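Structure first, then comments.
The values are calculated or read from the model by the stated rules, or taken from the named source; none is laboratory data. Because the structure is a prediction, the values reported are computed rather than measured. Don't worry about glycine lacking a Cβ; one is built from the backbone with ideal geometry, like all the others, and counts go over all protein chains shown.
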Amino acid sequence: MQILNEIYDRLLKHFGPQHWWPGDGAFEVMIGAILTQNTNWTNVEKAINNLRTAKVLSPEILNLIDTEKLAQLIKPAGYYNIKAKRLKNFIKWLMDTYDGDLKRMFKTNLSTLREGLLSISGIGPETADSILLYAAKKPSFVVDAYTYRIFSRHNLIPDETTYDEIKSFFEDNLPDDVALFNEYHALIVRLGKEYCKKSKPLCEKCPLKGVIVGD
């Protein structure tokens, strides 16, 4: 779909490359994807730094660590008791399924791996797709609140569209390209934060003004 290419080109020209995902290595990216639920990345960084300082940032050690202790370490990320359980669920799955071996995990085909991630309690579609795209380097488009807000406001997706329908909208109309999906999602987030705000959007100054259907 040409309109998606036009949107991408306009955003890239306006914002430049975003260099996502922030994280040191694939395992840290996966931990960050879980911790970033309902918080911002600054808080996640603090939590990850705590894990790094405590020298527990590995599948094997996190699998053994007490859940309450883990909760205290990730406290800066908010909802720490819930997130500690989610992390433990993820780590248990990783150890049980792949013996904690990320290379084995990443060799799994995309659909099977996504199904496995979604089977973990506390891992929803957005978190699963973030792990697939940013850690496993698989072409799985990440949809978030910014995506829905921007594209529904511009009449490119219906108001009642589901997560998977929005995901398919992008994947069916864009090349199967990890780098493109990565950059596109990052640019959408940047636009949502700076222009297409939940209330009082800056439509007149928006870099997409005059480009999208519905403007």
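Tabulated results
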item	result
Test: residue in region 197-207 that is under 13 Å from the mean Cα position of the chain (by Cα), farther than 16 Å from M30 by Cβ and either modelled with pLDDT under 95 or surrounded by fewer than 18 Cβ atoms within 10 Å (Cβ to Cβ) (or both)	no
Selection status of E194, of a type outside the set (K, R), in the same structural domain as K13 (by TED's automatic domain parsing) and touching a residue at least 12 places away in the same chain (Cβ under 8 Å)	no
Qualifying residue in region 142-151 (condition: touching a helix residue (DSSP H, G or I) at 6+ places or on another chain (Cβ under 9 Å), surrounded by fewer than 19 Cβ atoms within 10 Å (Cβ to Cβ), in contact (Cβ under 8 Å) with a residue 12 or more places away in the chain and of a type in the set (G, A, S))	yes
Which numbered condition D176 misses (of (1) touching a Pro at 6+ places or on another chain (Cβ under 7 Å); (2) surrounded by 14 or more Cβ atoms within 10 Å (Cβ to Cβ))	(2)
Residue in region 25-33 that is out of contact with any Pro (no Cβ under 7 Å at 6 or more places or on another chain), modelled with pLDDT under 95 and either loosely packed, with under 14 Cβ neighbours inside 10 Å or not in a helix (DSSP H, G or I) (or both) present	yes
Some residue of region 127-135 being modelled with pLDDT of 95 or more, surrounded by fewer than 17 Cβ atoms within 10 Å (Cβ to Cβ) and outside the structural domain of P175 (by TED's automatic domain parsing)	no
Residue within region 124-135 that is over 30 Å from P201 (Cα atoms) and not β-branched (V, I, T) present	yes
Selection from region 93-126 of residues that are surrounded by fewer than 15 Cβ atoms within 10 Å (Cβ to Cβ) and over 19 Å from E171 (Cβ atoms)	D96, D99, D101, K103, R104, K107, S119, S121
Residue selected from region 11-24 under the condition part of a helix (DSSP H, G or I) and touching a helix residue (DSSP H, G or I) at 6+ places or on another chain (Cβ under 6 Å), by the criterion surrounded by the most Cβ atoms within 10 Å (Cβ to Cβ)	L11
Counted residues, region 44-74 - those being crowded, with 17+ Cβ neighbours inside 10 Å and farther than 15 Å from M30 by Cα	5
Residue in region 147-165 that is under 22 Å from G23 (Cβ atoms) and outside the structural domain of K85 (by TED's automatic domain parsing) present	yes
Check on G100, farther than 16 Å from G32 by Cβ, touching a residue at least 40 places away in the same chain (Cβ under 8 Å) and in the same structural domain as A47 (by TED's automatic domain parsing)	yes
Among residues of region 180-203, those that are part of a helix (DSSP H, G or I), under 14 Å from D144 (Cβ atoms) and not β-branched (V, I, T), counted	10
Of all residues making up region 18-32, the number that are touching a residue at least 24 places away in the same chain (Cβ under 8 Å), over 17 Å from F141 (Cα atoms) and of a type outside the set (D, E)	4
Boolean, P158 is surrounded by fewer than 22 Cβ atoms within 10 Å (Cβ to Cβ) and at pLDDT below 95	yes
